[in-house]
1. Based solely on its DSSP helices, what 222 nm [θ] is calculated for the chain when runs of n ≥ 4 H residues each add -39,500 (n - 2.57) and the sum is averaged over all residues, nearest 500 deg cm²/dmol?
2. Loop sites only, by DSSP: take the GluC sites (Glu not before Pro) in the chain that have at most 15 other C-beta atoms within 10 Å and name the longest stretch containing none of them.
3. Please arrange Asp62, Asp103 by how many other C-beta atoms lie within 10 Å of their C-beta, fewest to most.
4. Work out the FRET efficiency for Asp69 and Phe93 from their Cβ-Cβ distance, taking R0 = 25 Å, and round it to the nearest 0.05.
5. What whole-number distance in Å separates the alpha-carbon centres of the range 46-107 and the range 17-45?
6. Which value, in Å to one decimal place, does the Kirkwood hydrodynamic radius take for the range 25-72 when every pair of different Cα atoms is included?
7. Could you work out the percent of alpha carbon pairs in the chain separated by over 24 Å, rounded to a whole number?
Amino acid sequence: MRTILFLFSAMGVVGLAYWAYMENFKTQTALSEVEQLQREISTARGRLGVLRAEWAYLNRPDRLRDLADINFDGLGLLPLTPDQFGYVDQVAFPEPELPPITDPIETMADTTGEAQ
């Protein structure tokens, strides 16, 4: 009986060791994937910074003004000035259309003025 108990205990220890090894392996794999993702995120952030710098460089007002002047014949673009802007209360918004009355309700009013 004692031998069987030792045998089951040894098998349990071996089984737990195998489980611990597999969990350790899964953890190491997950950690390496996280490191790879962090490297990719860092690279993407670096590219995003470069793209933002290029966008800011390409959208310089003096450059856009020069491009508008160069391409005036083809595009007809004019430079923006402050007097080209208006206020919201100057905008003529269309009046909303009222839907047609399809089911009118008949009401009767007491026109005699007497209380009942």
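1. Details: 3 runs with 71 residues, N = 116.
Result for the chain, helices only: -21500 deg cm²/dmol.
2. Values: sites that count: Glu97, Glu106, Glu114.
The answer is 1-96.
3. Numbers: Asp62 7, Asp103 4.
Lowest count first: Asp103, Asp62.
4. Details: r = 35 Å, r/R0 = 1.41.
That pair, Asp69 with Phe93, gives E of 0.10.
5. 48
6. 13.7
7. On the way: 5106 of 6670 pairs.
It works out to 77 percent of all Cα pairs.
Every read-out reported here was derived from the displayed coordinates using simple, explicitly stated rules and does not represent laboratory data. Given the structure is predicted, the values throughout are model-derived calculations rather than measurements. All Cβ positions, glycine included, derive from the backbone under ideal geometry; neighbour counts span all protein chains shown.
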